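Asker: Below is a structure I'd like to ask you about.
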Amino acid sequence: MKAVLLDEFGGVDVLKVGEIDKPSPKANEVLIKVVATSINRPDLVQRAGNYPAPAGDSEILGLEVSGVIEELGSDAKGWSVGDRVIALVGGGGYAEYAVAYDTHVMPLPESMSFEEGACVCESYITAFLNVFMIGGLEDGQTAIFHGGGGGVNTAAIQLSKALTPSAKMVITANPAKIERVKALGADLVIDYTQTPDFSGAIKEFTSKKGVDVILDHVGAKYLGPNMKSLGYKGKLVIIGIISGIKAELNLALMMVKRQQIIGSVLRSRPVAEKGDIIAEFTQRALPKFADRSIVPIIEKVFTIDEVVQAHQMMEEDQHFGKIVMKIGEV
């Protein structure tokens with residue numbers, strides 16, 4: 001099969017399209033003929049050599065796919081050959097065929113294209129897990145999502161509008177993306193290039209109450225402003241550390257305000273745990289895609305032969321929403 005291969009780690013020049021053996025599904029897996037996948041920030045980190053695939057998963061890049069089931073493993077349940085599906089994979093998405101655990105697969109709603117389906121599993125499940133299952137965002141509460149133009153954060157905005165319509169959303173974004181973030185329904189957008197310490201704006205916006213949930217991929221640089229922005233019993237969910245891994249913390253304030261700091265990743269969770277997360281997402285969130293309450297935001301669709309350009313677009317932060325890569329046809 002055709003796939004994007006890495007002979008070494010490094011910049012975009014290490015991405016090569018070549019031929020490799022088609023995978024075979026294990027007992028509890030399905031083989032998917034891939035129509036589309038998407039580019040995610042962890043793909044760039046893995047390409048650089050800093051984010052290896054979990055043991056037993058494909059070393060090919062790509063964390064989500066849309067396509068059609070080609071073959072069933074001997075114990076795979078709930079699916080039939082020919083089903084239109086989307087799936088979360090530990091690796092292998094940048095290829096014409098990929099395997100996925102049967103519990104990590106969801107039906108692709110008839111109302112959605114394969115390109116739209118390729119956007120769902122990594123970004124929207126990550127946002128759903130961290131904002132709702134871990135963060136516990138409810139109607140009437142307030143949340144901060146940092147870096148409002150990326151796939152996870154645009155997903156968080158859309159999910160919040162659909163699942164908790166009376167919740168307030170504060171988004172930090174760069175100047176080029178502020179208007180598009182506002183159009184998605186943000187209640188307050190802060191230009192982080194002009195206001196690196198956003199806690200004052202949060203204090204004013206919430207009448208000194210603070211926010212209930214913060215979704216953060218920035219890490220060390222934002223720990224102080226995040227904790228000052230977090231309200232009583234608020235939760236800071238950290239999913240990335242692009243600004244560093246070490247920062248000072250006022251433990252006394254955290255104790256008095258009964259705040260929580262929670263680290264979270266999706267890829268390395270046990271198979272069964274990811275299956276439970278996907279089952280809850282299927283029940284609570286997938287119907288919003290089926291009825292078009294949520295429509296994935298696609299910046300551009302590349303072909304597999306344009307994988308270098310796709311990675312360059314993400315590296316240069318030129319996208320809003322998702323970058324999709326078309327793999328094949330059905």
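The values are calculated or read from the model by the stated rules, or taken from the named source; none is laboratory data. Just so we're clear, the structure is a prediction, and the values are computed from it rather than from any experiment. Counting neighbours? That spans all protein chains shown, and the Cβs are built from the backbone with ideal geometry, glycine included.
Asker: Check Ala173, Ala156, Ala167, Ala143 and return the single one that is among the small types (Gly, Ala, Ser), at pLDDT 95 or above and over 13 Å from Asp212 (Cβ atoms).
Answerer: Working: Ala173 fails: at pLDDT 95 or above; Ala167 fails: over 13 Å from Asp212 (Cβ atoms); Ala143 fails: over 13 Å from Asp212 (Cβ atoms).
Residue meeting the stated conditions: Ala156.
Asker: Here's something else I'd like to know. Run down Ser229, Ser207, Ser243 and say which single residue is among the hydroxyl-bearing types (Ser, Thr, Tyr) and at pLDDT below 95.
Answerer: Checking each option against the conditions leaves just Ser243.
Asker: Let me ask something else about it. Give me a count of the residues in segment 25-53 that are of a type in the set (Gly, Ala, Ser) and out of contact with any strand residue (DSSP E or B) (no Cβ under 7 Å at 6 or more places or on another chain).
Answerer: The total comes to 4.
Asker: If I ask for residues that are small (Gly, Ala, Ser), more than 28 Å from Asp75 (Cα to Cα) and not in a loop (DSSP other than H, G, I, E, B), which ones from segment 19-59 would you list? Lay out the reasoning, then the answer.
Answerer: Kept after step one, since they are small (Gly, Ala, Ser), are these residues of segment 19-59: 24, 27, 36, 38, 48-49, 53, 55-56, 58.
With the extra rule that they be more than 28 Å from Asp75 (Cα to Cα), the set shrinks to 38, 48-49.
Residue satisfying the conditions is Ser38 alone.
Asker: Another one. Tell me, which strands (runs of 3 or more DSSP E) wholly within segment 234-330 include 3 or more residues that are surrounded by 19 or more Cβ atoms within 10 Å (Cβ to Cβ) and aliphatic (A, V, I, L, M)?
Answerer: Numbers: elements: 260-263, 298-303, 322-326.
Counting at least 3 such residues, we get 322-326.
Asker: Within the set of pairs 6 or more residues apart or between chains, which connect a residue that is in contact (Cβ under 8 Å) with a residue 12 or more places away in the chain inside segment 78-89 to a residue that is surrounded by fewer than 16 Cβ atoms within 10 Å (Cβ to Cβ) and among the aliphatic types (A, V, I, L, M) with Cβ atoms less than 9 Å apart?
Answerer: Arg84/Val330
Asker: Shifting gears a bit: Please specify each residue of segment 169-193 satisfying the condition of being under 18 Å from Asp317 (Cα atoms) and part of a loop (DSSP other than H, G, I, E, B).
Answerer: Correct list: Asn174, Tyr192, Thr193.
Asker: Of the residues that make up segment 70-81, is at least one under 25 Å from Ala310 (Cα atoms) and at pLDDT 95 or above? Outline the logic, then answer.
Answerer: So the first thing to find is which residues in segment 70-81 are under 25 Å from Ala310 (Cα atoms), and the list is none.
No - not one qualifying residue is present in segment 70-81.
Asker: Going by the conditions given, is Glu280 farther than 30 Å from Asn174 by Cα, modelled with pLDDT under 95 and not hydrophobic (A, V, I, L, M, F, W, C)? Break it down into steps so the answer makes sense when it comes.
Answerer: Values: farther than 30 Å from Asn174 by Cα: yes; modelled with pLDDT under 95: no; not hydrophobic (A, V, I, L, M, F, W, C): yes.
Answer is no for this residue.
Asker: Now for a separate question. For segment 5-42, give me the residue count where each residue is in contact with a Phe, Trp or Tyr (Cβ under 6 Å, 6 or more places away or on another chain) and at positive phi.
Answerer: Total satisfying the criteria: 0.
Asker: Kindly provide the set of residues from segment 231-274 that are of a type in the set (D, E, K, R) and touching a helix residue (DSSP H, G or I) at 6+ places or on another chain (Cβ under 9 Å), ordered by number. Reasoning before the result, please.
Answerer: Pass one, segment 231-274, residues of a type in the set (D, E, K, R): 233, 235, 246, 248, 257-258, 267, 269, 273-274.
Listed by number, the residues that qualify are Lys235, Lys246, Glu248, Lys257, Arg267, Arg269, Lys274.
Asker: Suppose we filter Ile20, Ile69 for residues that are in contact with a strand residue (DSSP E or B) (Cβ under 8 Å, 6 or more places away or on another chain) and surrounded by 19 or more Cβ atoms within 10 Å (Cβ to Cβ); which single one remains?
Answerer: Values: Ile20 fails: surrounded by 19 or more Cβ atoms within 10 Å (Cβ to Cβ).
Only one candidate qualifies: Ile69.
Asker: Please determine whether any residue of segment 231-252 is touching a residue at least 40 places away in the same chain (Cβ under 8 Å), among the aromatic types (Phe, Trp, Tyr) and on the phi < 0 side of the Ramachandran plot.
Answerer: No: zero hits.
Asker: Residues of segment 12-27 being farther than 15 Å from Asp102 by Cα and free of Cβ contacts under 8 Å to residues at least 60 places away in the same chain, which ones?
Answerer: Val14, Lys16, Gly18, Glu19, Asp21
Asker: Is there any pair linking a residue in segment 279-303 that is within 14 Å of Ile86 (Cβ to Cβ) and not assigned by TED's automatic domain parsing to the domain that holds Gly185 to one that is loosely packed, with under 15 Cβ neighbours inside 10 Å and at pLDDT 95 or above, with Cβ under 7 Å and at least six apart or on different chains, and which?
Answerer: Ala290/Ser111
Asker: Does segment 155-189 hold any residues that are β-branched (Val, Ile, Thr) and closer than 16 Å to His217 by Cβ, and which are they?
Answerer: Our first condition is that a residue be β-branched (Val, Ile, Thr); within segment 155-189, this holds for 157, 164, 170-172, 178, 181, 189.
Passing the criteria: Ile157, Val170, Ile171, Thr172, Val181.
Asker: Do we have any residue at all in segment 97-113 that's touching a residue at least 60 places away in the same chain (Cβ under 8 Å), surrounded by fewer than 24 Cβ atoms within 10 Å (Cβ to Cβ), among the aromatic types (Phe, Trp, Tyr) and within 19 Å of Gln283 (Cα to Cα)?
Answerer: Taking every residue of segment 97-113 in turn, at least one turns out to be touching a residue at least 60 places away in the same chain (Cβ under 8 Å), surrounded by fewer than 24 Cβ atoms within 10 Å (Cβ to Cβ), among the aromatic types (Phe, Trp, Tyr) and within 19 Å of Gln283 (Cα to Cα).
Asker: Also, I was wondering about something else. When only residues in segment 136-146 that are surrounded by fewer than 24 Cβ atoms within 10 Å (Cβ to Cβ) and not hydroxyl-bearing (Ser, Thr, Tyr) count, which is nearest to Glu122 (Cα to Cα)? Step through it out loud before you land on a result.
Answerer: Looking only at segment 136-146, we keep the residues that are surrounded by fewer than 24 Cβ atoms within 10 Å (Cβ to Cβ), and these are 136, 138-142.
Narrowing the set further to residues that are not hydroxyl-bearing (Ser, Thr, Tyr) leaves 136, 138-141.
Working: Gly136: 19, Glu138: 22, Asp139: 24, Gly140: 27, Gln141: 25 Å.
Only one residue fits best here, namely Gly136.
Asker: Look at Ser207 and say whether it is outside any strand (DSSP E or B), in the same structural domain as Ala156 (by TED's automatic domain parsing), under 25 Å from Leu129 (Cα atoms) and among the hydroxyl-bearing types (Ser, Thr, Tyr).
Answerer: On the way: outside any strand (DSSP E or B): yes; in the same structural domain as Ala156 (by TED's automatic domain parsing): yes; under 25 Å from Leu129 (Cα atoms): no; among the hydroxyl-bearing types (Ser, Thr, Tyr): yes.
Taking the combined requirement at face value, the residue does not satisfy it.
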